[in-house]
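Visitor: Supplied in structure tokens, the structure appears directly below.
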Amino acid sequence: MLEKWKLREVIVLSVLAVVFAVVYLVFLQFGNVLYGMFGLIGYDLIFGIWFIVSIIAAYIIRKPGAAFLSETIAAAIEVMIGNAVGPRLILSGMIQGIGAEAVFAATKWKNYRTWVLIAAGMGSSVTSFIWGYFISGYAALSPAYVTAMFFVRLISGALLAGLLGKWLSESLAKTGALNSFPIGKELKRGKTKNGITA
Amino acid sequence: MPLHKFNPSIKAFTVIVCVLILSVFFDPVTPFLTLVMTAAATFIFGRVSFKRWILLFSPFIFMAAVYIWSALIFSKTIEGETILWSWGIFTLTEEGFQRALSLGMRVLSFTSLSLLFILTTKPTEFLLSLMQQCRLPPKLAYGIMAGYRFLPLMKEEFEIIRSAHRIRGVPKARTLPEKMAEFKRYTVPLLAGAIRKAERTAMAMESKGFTGDKNRDFYHKISVSWKDWAYFAIFIGAVLFSTYISWLLGFLKLYNGEL
Amino acid sequence: MALQHKQPLLITEQLSFRHEDVKNPIFKNVNFSLYPGEAVLLLGPSGCGKSTLAFCLNKLYPEAVDGELDGTISFKGKKFEEFRPGEINQHIGIVFQDPESQFCMTTVEDELAFGLENMKTPPEEIESKIDEALELVDLLPYKHTLIHTLSGGQKQKLALACVLSLKPEILILDEPTANLDPASSYELTRIIKKLKENQAFSLLIIEHKLDDWIDLTDRCVVLNREGEILFNGSTADCFNKYAEELLLEGIWLPSAVRAGLIGKKAGIYKGEKLPLTDQELIAGFVNPYAALQILDNQKTKHQVSEEQIILSAENLYFHKNGKDLLKNISFSVRKGEFVAIAGSNGSGKTTLSGLLAGLYAPSKGSILFGDRSLSQWKEQELRLKLGYVFQNPEHQLIADSVFDEIAFSLKIQRMTDADIKKVVQAVLHQVNLLQHADMHPFSLSQGQKRRLSVASMLVNDQDLLLLDEPTFGQDARTSVELMKLLETKIQSGGSVVMITHDMEILHSYADKVIVLSEGEKIYDGLPDALWKKEEIMKIASLKVPYIEKLRNNIGSIAGREKFALT
């Protein structure tokens, strides 16, 4: 998978993962507050933020594996800098990454329009929820509550990962830092409306 | 032998297997015993100070408390359970209480296992081990290492940006759109700087002849010996021992999602 | 030097490079050769493609970017395309400009091992090679140190060691001292000079500040703005014949050459050729002491108000993490005054500026700003009166366009849109950025970003401007532009406090200098008197400005002559 990647892309991927690993840790604290206020579902309100690096990495780098690897590395770095969920978190990261990657794969990694990014965020919501159901014992909760949690997480994935990720990537492209990536080149040519790469 | 000396990949594998075994069961006693044994090992064989450990552990105590609270309030009540307390739509049963406690303990036992790994493993050695034992491609491993190096730098930059916002008189974000703008004002400059540095780092690595070639002879060799497998066996043994005690005390229960 | 009869190591023929989607090539039709053992200086204005050329010569480009390279490069008669990936890097090494982004490992030892492993060095030989390379750059005691705790100068030495460990035949230096303070920068050049004498490698040097390099170069290659070769020949010829053309192209001249040129125009330099060294310069002056007077009268004098004190610090202390970062510091800044703060890295300069800006409170002591103590000011009010310019301009840019950047604080003050537009346009006009009003601040050039960051602090007409090493890592032209802006600020009655390593700036602009060492004030007074205090200069690792160095050289030559006569 990595043979076709330039070293530059690999390191940019890893840097994105590092930055968002820190963001993820910050939001963990925020999540804990929401937890206290609303119970488990409070966590789901902002769950989407934990998928955002998949969307940003895929949207910027546009190569197979970007969504999956970025989420996995972000989780690995979170573990290294002290998220006590530990190596299990890497597994969670992989599962979240697979959800988004599957959506991009379905477009053969060619289509990066808004709806695809939103769908990718929701893809992570689905896979992460299935995983959470088994590992965190959601089965202990009432089915109505679990259903509510699922839909809240789905919307959160669409908004906080899909749309916010798109918005941040485009803000970043405007700074000129992404000029050597497809997204920066599109911006230069003024063709941002349709995110399709030939 | 201190825990730092064991092979990082096997340590990570051990944590994952222990977590998988623990997830099969659902009672408060098994994870509690594992938690106690793991913490003890961290202090005695890992030479980790209690202060450092509890600093990282305490947020998870809070998280476990929230788990317990959620499970208590929002749990479904099965007929025939002993009701301890009831108010409106909320009902607390003895079985429900045990389930909630199991959930909390589960979180804490996972955390203690992970902390043992984090506090006794150097990131560089973990990556070297992943390359040498688990065939992680060097391109990815050194890419991650290069990115990881940016962390202290970004911490400094974050502090500077925060000062800069004060200097520029940026008002405190109150509403949601303001908070979004604030989030962007921090992440975009950090990312823009980091991405440009990443591109330069990639060039510097290539200028040192790095091609991502998988045939690599390492200066710093991370080996696997029978001691590492003994470590693995001891930890798995400890978890199984916890389940045995729990079974003796009559608590042991399988987790099968039907609760 | 009689090197030309040897076979060249590296030859380029008709080399041109063009970025994808850009019509004009960065450089074009470059033909030049590098011979074994010689040192070549590659000169050219900012943006003429010097670095791009260096990257091509190391085979990093065009692979690393989307671009097109035409023409051929060959090393020892073998074309670049015939080398396997990574193979050429064993023969041609490069040290880059930015000390922060050259490494991928966490410790010094691991970083060196990384390069040696890439070259398939047998693991049992690696340790001795690491030690050998570290010894060459005096870093052996730091073998197990974490890289991010090293200073900028040490990082550059490490980058050099990494390259040297591979025993390259060509060493390319791409502005290795641009981000270093003068003391570290001088140290690095001395190490390279020493290496050059004992090791057989060729050097290709790209630099802006040439003084420390001139004595070790054999030849100069000059690129013009269009990226074509303007000159290729001996260093002496280059500056003798083309000094004025170089200036026109915006290329920084060595100090002796520049002084010679000024002297020649003033009719006091009678040398046949322009000087490369101080000795030649002094020998060419009819009357060296009179010449000093003429060279030195570029110094700026400010109308400093005698009684009006704008800021005064009294007995400041600052502790953090159990360390005393500042001890008993007192001084004052008057209206219309330019105060410079100097001192070596870690002497507490930035901490002091943070206290003065009210970013953190002193542990003991007080700061009076205007009519009241700094702590009594309301945050918003204070920011309208006191500006702060960060070392890296990007850090303080917060808006999405150049226009909004300047408008930002005006919007907070609820000014009307029409007024905002008027003020912003006036400010952007002053800093010559009006035509870029719609661009994203980050996409500006280095110099433009610097001007914008200062402009954002000029818009409220602040009484006091604090600047933290604003000329650090900037090219000569940017520094000149910045100083012009600060001069206007002072002319209009503002005061400036600037942390700086640049003794030339300090000499030409500062009314007062404060020197810090290990958190204590060791000097507070006129710059001219500072140059005489040898001990303080040494403790704070400051270098005397060029004109003072010249004065000392004239003195010692005169002394020697007198001695020879008696």
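Visitor: Roughly what angle does helix B:50-74 make with the longest principal axis of chain B, taking Cα atoms, 0 to 90 degrees, to the nearest 10?
Guide: Relative to chain B, helix B:50-74 is tipped by roughly 50 degrees.
Visitor: Per residue, what accessible area does region B:138-207 have, given a 1.4 Å probe and all protein chains present, in Å²?
Guide: Here the per-residue accessible area is 38 Å².
Visitor: If you don't mind, another one. Would you give the gap between the C-alpha center of region A:1-65 and the C-alpha center of region C:109-184, rounded to a whole Å?
Guide: Between the Cα centre of region A:1-65 and that of region C:109-184, the gap is 34 Å.
Visitor: Can I ask one more? Dividing the alpha-carbon Rg of chain A by 2.2 N^0.38 Å yields what?
Guide: Cα Rg divided by the expected 2.2 N^0.38 Å: 1.00.
Visitor: Determine ³J(HN,Hα), in whole Hz, for all residues of region C:530-544 in sequence, where each value follows from phi through the Karplus function 6.51 cos²θ - 1.76 cosθ + 1.60 and θ = phi - 60°; x replaces Gly and Pro.
Guide: Listing the rounded values in order: 5, 4, 7, 8, 4, 5, 4, 4, 6, 4, 8, 6, 9, 10, 5 Hz.
Visitor: Report the accessible surface area buried between chains B and A, summing both sides, using a 1.4 Å probe on protein heavy atoms only, in Å² rounded to the nearest 100.
Guide: That pair of chains buries around 5400 Å² in total.
Visitor: Return the long-range amide H neighbours of C:LEU326 (sequence gap of 5 or more, or a different chain), with a cut-off of under 5 Å between placed amide H atoms.
Guide: Residues meeting the amide H criterion: C:PHE318.
Visitor: Who wins for biggest fluctuation among B:PHE50, B:PHE25, B:PHE241 in a Gaussian network model of chain B, springs between alpha carbons below 10 Å?
Guide: Highest fluctuation among the options: B:PHE50.
Visitor: Given H placed on each backbone N at 1.01 Å, which residues far from C:VAL389 in sequence or on other chains put an amide H within less than 5 Å of it?
Guide: Sorted by chain and number, the residues that satisfy this are C:LEU466, C:LEU467, C:ASP468.
Visitor: Which residues in region C:343-371 place their backbone N less than 13 Å from a point set 7 Å from the Cα of C:GLU381 along the Cα-to-Cβ direction?
Guide: C:369-371
Visitor: Shifting gears a bit: Nearest 100 Å², what total accessible surface is buried between chain B and chain C (probe 1.4 Å)?
Guide: 4700 Å²
Visitor: Helix C:108-118 sits at what angle to the longest principal axis of chain C, using alpha carbons and giving 0 to 90 degrees rounded to 10?
Guide: 30 degrees
Visitor: Go ahead and estimate [θ] at 222 nm for the protein assembly as shown from helices alone: -39,500 (n - 2.57) per DSSP H run with n ≥ 4, summed, over the residue count, rounded to 500.
Guide: Counting only the DSSP helices, I get -16500 deg cm²/dmol.
Visitor: What distance in nm separates the simple spin-label points at C:ARG190 and B:LEU248, each placed 7 Å from Cα in the Cβ direction?
Guide: The answer from the label model is 7.3 nm.
Visitor: Using Cα pairs under 8 angstrom and six or more residues apart, how large is the relative contact order of region A:57-123, in percent?
Guide: Relative contact order of region A:57-123: 34 percent.
Visitor: How about region C:312-366: which trypsin sites (Lys or Arg not before Pro) there are in a DSSP loop, with at most 12 other Cβ atoms within 10 Å of their Cβ?
Guide: Sites meeting the loop and neighbour criteria: none at all.
Visitor: Still on this model: Run the numbers for C:SER305 and C:MET415: contour at 0.36 nm per residue of separation, minus the present Cα-Cα distance, in nm.
Guide: 36.4 nm
Visitor: Are there GluC sites (Glu not before Pro) in region C:307-409 that DSSP marks as loop and that have at most 15 other Cβ atoms within 10 Å, and which are they?
Guide: Hits after loop and neighbour filter: C:GLU307.
Visitor: Under a Cβ-Cβ cut-off of 12 Å, what is the net charge of the residues other than A:ILE52 that fall near it, where Lys and Arg count +1 and Asp and Glu count -1?
Guide: Local net charge: 0.
Visitor: Can you give the extra length, in nm with one decimal, that the chain gains between C:ARG225 and C:GLU487 once fully stretched, where that is 0.36 nm per residue apart less the Cα-Cα distance?
Guide: Value of the extension gain: 91.4 nm.
Visitor: Now a separate question. Can you run phi through the Karplus equation (6.51, -1.76, 1.60; θ = phi - 60°) for region B:116-131 and list ³J(HN,Hα) in whole Hz, with x for Gly and Pro?
Guide: Along region B:116-131, the couplings run 4, 5, 4, 7, 10, 10, 7, x, 4, 5, 4, 5, 4, 5, 4, 6 Hz.
Visitor: Suppose the chain between C:GLN425 and C:LYS538 were pulled fully straight at 0.36 nm per residue; how much longer would it get relative to their current alpha carbon spacing?
Guide: 36.0 nm is the gain from fully extending C:GLN425 to C:LYS538.
Visitor: For the protein assembly as shown, report the % of Cα-Cα distances exceeding 54 Å.
Guide: 23 percent
Visitor: Sticking with this one: Mind checking region C:410-507 for trypsin sites (Lys or Arg not before Pro) that DSSP puts in a loop (not H, G, I, E or B) and that have at most 12 other Cβ atoms within 10 Å?
Guide: C:ARG414
Visitor: Would you mind counting up the charge near C:ILE206? Only other residues with Cβ under 10 Å from its Cβ, with Lys and Arg at +1 and Asp and Glu at -1.
Guide: -2
Visitor: Read phi for every residue in region C:216-226 and hand back ³J(HN,Hα) as whole Hz from Karplus 6.51 cos²θ - 1.76 cosθ + 1.60, θ = phi - 60°, with x for Gly and Pro.
Guide: 10, 9, 9, 8, 10, 10, 10, 9, 9, 4, 7
Visitor: In chain C, which cysteines lack any other cysteine Cβ under 4.7 Å from their own?
Guide: C:CYS48, C:CYS56, C:CYS104, C:CYS162
Visitor: Continuing with this model, one more query. Using 1/(1 + (r/R0)^6) with R0 = 45 angstrom and r between the beta carbons of B:LEU176 and C:ASN29, what's the FRET efficiency to the nearest 0.05?
Guide: Given R0 = 45 Å and the Cβ-Cβ separation, E is 0.20.
Visitor: What number, in percent, do you get for the relative contact order of chain C if the mean sequence gap of Cα pairs under 8 Å and at least 6 apart is divided by its residue count?
Guide: That works out to 13 percent.
Visitor: Angle, helix A:7-38 long axis vs. longest principal axis of chain A, Cα atoms, 0 to 90°, nearest 10?
Guide: 30 degrees
Visitor: Of B:LEU191, B:SER163, B:PHE150, which is farthest along the charge dipole of region B:138-207 in the positive direction, counting Lys and Arg as +1 and Asp and Glu as -1 at C-beta?
Guide: B:SER163
Visitor: For C:161-170, what's the mean count of beta carbons from other chains sitting within 10 Å of each residue's beta carbon?
Guide: 1
The values are calculated or read from the model by the stated rules, or taken from the named source; none is laboratory data. Everything numeric here is computed off the predicted structure, so don't read it as measured data. FYI the Cβ positions are ideal-geometry reconstructions off the backbone, even for glycines, and counts take in every protein chain you see. Accessible surface is based on the protein model in full, side chains and every heavy atom, while ligands, DNA and RNA are left aside. Shrake-Rupley method; radii C 1.70, N 1.55, O 1.52, S 1.80 Å.
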